[in-house]
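Heads up: the structure comes next, in structure tokens.
FYI, it's all coordinate maths here, none of it is from the lab. From a predicted model like this one, the values you see are computed outputs, not experimental measurements. Cβ: placed from backbone, ideal geometry, glycine included. Neighbour counts: every protein chain shown.
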Amino acid sequence: MNFTLSEEHKLIQEAARDFAAAEIKDAIERDEASEFPHAIIPKLGEMGFMGMMVPPEYDGAGMDAVSYVLAMEEISKVDASVGVVMSVNNSLVCWGINEHGTEAQKQKYLRPLAKAQNDGKLYIGAFCLSEPDAGSDATHQSTNAYLDGDHWVLNGAKNWITNGTTAEVYLVFATTDKSKGSRGISCFIVERGTKGFDVLKKEKKLGIRSSDTCSLGFTDCHIPTENMLGPEGEGFKIAMKSLDGGRIGIAAQALGIAAASLEKSIKYAGERKSFGKPIFEHQAIQMKLADMATELDGARLLVLQAAWMKDQGMKYSRQSAMCKLFASRIAVKAALEAIQIHGGYGYVQEYEVERYLRDAKITEIYEGTSEVQHIVIARDLLRD
């Protein structure tokens, strides 16, 4: 059993860390203004970080899932909003098209998605599963589609869509045969600007504010038959398989938030003095830091295990749920402790740890709430 990263993995981790330090600027200002990181995402694409697991023949980096989570943690450590843009494009959209798309779909959509650019224009994807009445229960899709000649006609609404206002490509899940339940759900590739497709309200959020989240509407939206992703009725399976991988990415995002919370806390504890000595020397602070570090390492091992199992072609649904459940939990806890260690300074924007807490909370909610992860884990245990 080898717990040492390969030299290649170390180089990828270092490259992501250096990129984050040099290129991800003004996180506080963008958070306050809810401003999408338009200048940063194309640079991530140039580094290969927007299509990390896409094969080189489709302009991807051809890396493995372990490389992906290492890079995700480093990017999210500096700005979790940038991290979630990267995660959705990689784990959900690129992966879905690469695994289930036709050659024509890969040539048309996967190539520019892997680079996050097309003719010099920002080009990223969005994953559209959640609806106003279908969040944790994704088996009941009110959005529907019926076949009309050589087009599918799409009607319905989606919400909580990350990258919703900036994406060029949307993977949209809709019911094509209501009588079949979840086996009657299909997936469609929808392009921005398609008639009948509207980007609706952008949400004002507690955290990850510089990523965009919005609602989408479809009214008699005509989608060419060649834009169905995978076979008809396979949409729910595609969604669940995508989310298995997506949860590993979100867990890595949570790792980044927790790691940033710990690093800031160690630095502050060494500088801040109380009762004549740095607060790092007080046992109460030492206990907090020790717990933060221990839980962070535990979560990181779970994330790396899930990524490694994915790379080996093993079944990893339980491990992806476990790593997301635990990593998101310790991200929230670490951010709370960071605020406590900083005292009053932790409550103000300048010291950033208040942003870590706001960003951390969503990792317990999106791509499956913590309650859903418990169900996934328990059901898998019962199958053994």
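Comparing Ala167, Ala134, Ala116 in a Gaussian network model of the chain where C-alpha atoms under 10 Å apart are linked, the largest mean-square fluctuation is found at Ala134.
Residues in the stretch 141-150 carry Karplus couplings, in order, of 8, 6, 4, 9, 9, 10, 7, 9, x, 9 Hz; the curve used is 6.51 cos²θ - 1.76 cosθ + 1.60 with θ = phi - 60°, and Gly or Pro positions show x. Here Lys333 is the anchor, and the lysines within straight C-alpha reach of less than 17 Å, apart from those fewer than 8 places off in the same chain, are Lys77, Lys264, Lys288, Lys324, Lys361. Of all beta bridges that DSSP places with both ends in the chain, some 85 percent have antiparallel geometry.
Take every Cα pair under 8 Å whose residues are at least 6 apart in sequence, average their separation, divide by the length of the stretch 247-384, and the relative contact order is 33 percent. Among the listed values (1) 17.9; (2) 22.6; (3) 19.6, the one matching mean projected area of the Cα convex hull in nm² as calculated from this structure is (3). When only Cα pairs below 8 angstrom with a gap of at least 6 residues are kept, the chain shows a relative contact order of 16 percent.
Here is how the number arises for the chain: DSSP H runs of 4 or more residues each give -39500 (n - 2.57), the sum is divided by the residue count, and the result at 222 nm is -15000 deg cm²/dmol. Of the residues Tyr356, Pro56, Asn2, the one whose Cα sits farthest toward the positive end of the charge dipole of the chain, with +1 on the Cβ of Lys and Arg and -1 on the Cβ of Asp and Glu, is Tyr356. Comparing mean-square fluctuations of Asp212, Asp291, Asp79 from a GNM of the chain with C-alpha springs under 10 Å, the top value falls on Asp291. Once the other residues with Cβ under 11 Å from the Cβ of Asn118 are scored (Lys, Arg +1; Asp, Glu -1), what is the net sum? With Lys, Arg at +1 and Asp, Glu at -1, the neighbours total +1. Take 120-132, 102-114, 215-227, 189-201 and order them by the average number of nearby Cβ atoms within 10 Å per residue, most first; the result is 120-132, 102-114, 215-227, 189-201.
In sequence order, the stretch 22-29 has phi-based couplings of 8, 10, 8, 10, 6, 4, 5, 5 Hz under the Karplus curve 6.51 cos²θ - 1.76 cosθ + 1.60, θ = phi - 60°, and Gly or Pro positions carry x.
Principal-axis analysis of the Cα atoms of the chain puts helix 370-383 at an angle of about 70° to the longest axis. Each residue of the stretch 180-196 was assigned a 3J(HN,Hα) from its phi angle through the Karplus curve 6.51 cos²θ - 1.76 cosθ + 1.60 (θ = phi - 60°); the sequence is 9, x, 5, 7, x, 9, 10, 10, 10, 8, 10, 8, 4, x, 5, 4, x Hz, with glycine and proline shown as x. So how tilted is helix 317-342 from the main axis of the chain? Cα-based, degrees 0 to 90, rounded to 10. Compared with the principal axis, the helix lies near 40 degrees. Which of these, Gln305, Gln253, Gln349, has the largest mean-square fluctuation under a Gaussian network model of the chain (Cα springs below 10 Å)? Most flexible of the set in this elastic network: Gln349.
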